Amino acid sequence: MADEVVKPKSTGLLLIGIGPGAISGITSEALAAAKNADFRRYEAYTALWPEDELAALERITGPIDKIMRPEIEHPDEIFQLAKSHLVAIMVVGDPLQATTHVDLQLQALEQGIDCQVIHGISITNLVTGAIGLSNYKFGRQTTLTYPYSNWIATSPLEVIAVNRALGQHTLALLDLDPTGAGTGQQRPMKPIDALTSIALMVEKVAESIEETDSVGPLSALRQHALNEMISTPLEDLSVVLCSDMGTDNQSIVYAKLTELADLPGGEMNCLVFPASTSDVEDKALLRWKKQG
């Protein structure tokens, strides 16, 4: 008996990971799924592709419409469309790295809408191997955010500090929305923006560290880690700047944190804060050491 031909679904939702930033990084399955969809929506608030690569992708798959945070968090229009058509939500990296997309998947299933996931290469698994640090030694990841008005988030510094105290490396993604609204006006954070954000966090934590609750072992560890972090001069902290990973413009620079002020970075950047390193990791990092 001949193998049965599986026909593609005609309605429902496709959550498609399109990889880190170039057509060359999309899986053949993801590309075929996008081409087969009736409608394609590019989620453009958690991460971005270069405009020229997105235009090239559109020439292959057909028209792609950009959507922002409101359309994903309130997906009534998407769901209505998916009940009678095949709708692709195209997400940079992997489609289930953000909680927002997991929630979208769950909401679709609750409404009886078939939801298929096509995974893609994510920055979270690309960076660790590319720079040569052991994936087993990474702790919680975090996102460095822009300061909004008078509000400065200090939780990213806490994650870095606690990971560091435990001997764990930290992957820090960089914000791309200065407004925090997720509705547009994206300006992906540059290295100097990240340095400014960290400096403001250190300043804010230093002002309030005495008020930190240190009751219990976890709270005591957190306070100790933050004390160690804010007492270390920024110029003594090492960091790995990873720019445009997975593209032809990929760049990796191992430098002191304060040297970020002089590094241009790329269109999309992230940072890795190494903690204790093995001999192999030390040698791997030296490949990327900033010269001069």
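The values are calculated or read from the model by the stated rules, or taken from the named source; none is laboratory data. These numbers come from a predicted model, not from an experiment. Here the Cβ is made from the backbone with ideal geometry for all residues, glycine too, and neighbour counts use every protein chain on show.
When Glu43 is tested against (1) exposed (fewer than 15 other Cβ atoms within 10 Å of the Cβ); (2) closer than 28 Å to Glu110 by Cβ, just one condition goes unmet, and that condition is (1).
Matching residues to (1) outside any loop (DSSP other than H, G, I, E, B); (2) aromatic (Phe, Trp, Tyr); (3) in the same structural domain as Cys270 (by TED's automatic domain parsing); (4) farther than 16 Å from Pro188 by Cβ:
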position: Ser24; (1), (2), (3), (4): yes, no, no, yes
position: Lys35; (1), (2), (3), (4): yes, no, no, yes
position: Arg41; (1), (2), (3), (4): yes, no, no, yes
position: Tyr45; (1), (2), (3), (4): no, yes, no, no
position: Trp49; (1), (2), (3), (4): no, yes, no, no
position: Asp52; (1), (2), (3), (4): yes, no, no, no
position: Ala55; (1), (2), (3), (4): yes, no, no, yes
position: Glu58; (1), (2), (3), (4): yes, no, no, yes
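Name every residue in region 279-292 that is out of contact with any strand residue (DSSP E or B) (no Cβ under 6 Å at 6 or more places or on another chain) and in a helix (DSSP H, G or I), in order of residue number.
Of region 279-292, the ones out of contact with any strand residue (DSSP E or B) (no Cβ under 6 Å at 6 or more places or on another chain) are 279-284, 286-287, 291-292.
Selection gives Asp279, Val280, Glu281, Asp282, Lys283, Ala284, Leu286.
Tell me yes or no: at least one residue of region 154-166 is over 30 Å from Lys83 (Cα atoms), touching a Gly at 6+ places or on another chain (Cβ under 6 Å) and polar (S, T, N, Q). Yes, because at least one residue in region 154-166 is over 30 Å from Lys83 (Cα atoms), touching a Gly at 6+ places or on another chain (Cβ under 6 Å) and polar (S, T, N, Q).
Looking for something of a type outside the set (A, V, I, L, M, F, W, C), under 24 Å from Asn249 (Cα atoms) and assigned to a loop (DSSP other than H, G, I, E, B) - is there at least one such residue anywhere in region 154-163? No: zero hits. Of all residues in region 64-89, those satisfying the criterion of being assigned to a loop (DSSP other than H, G, I, E, B) and free of Cβ contacts under 8 Å to residues at least 60 places away in the same chain are Ile64, His74, Pro75. Under the condition of being within 25 Å of Met245 (Cβ to Cβ) and exposed (fewer than 15 other Cβ atoms within 10 Å of the Cβ), which residue from region 93-115 is modelled with the lowest pLDDT? Only one residue tops the list, namely Thr99.
Taking region 140-189, which residues are within 14 Å of the chain's Cα centre (by Cα) and in contact (Cβ under 8 Å) with a residue 60 or more places away in the chain?
Matches in region 140-189: Leu144, Thr170, Leu171, Ala172, Leu173, Leu174, Leu176, Asp177, Pro188, Met189.
Look at (1) modelled with pLDDT of 95 or more; (2) part of a helix (DSSP H, G or I) and you find that Ala172 fails only one, number (2). Within region 101-141, the residues that satisfy the criterion of being in a helix (DSSP H, G or I) and of a type in the set (Val, Ile, Thr) are Val102, Ile123, Thr124, Val127, Thr128, Ile131. Here Ala2 fulfils each of the conditions (1) loosely packed, with under 14 Cβ neighbours inside 10 Å; (2) modelled with pLDDT of 95 or more apart from (2).
Those strands (runs of 3 or more DSSP E) of region 182-278 in which at least 2 residues are surrounded by 21 or more Cβ atoms within 10 Å (Cβ to Cβ) and at pLDDT 95 or above, considering only elements entirely within it, cover 238-243, 269-273. Kindly indicate the residue of region 116-125 that is touching a residue at least 40 places away in the same chain (Cβ under 8 Å) and surrounded by fewer than 20 Cβ atoms within 10 Å (Cβ to Cβ) and also farthest from Ala47 (Cα to Cα) among those meeting that condition. If we take residues in region 116-125 being touching a residue at least 40 places away in the same chain (Cβ under 8 Å) and surrounded by fewer than 20 Cβ atoms within 10 Å (Cβ to Cβ), then Gln116 is farthest from Ala47 (Cα to Cα).
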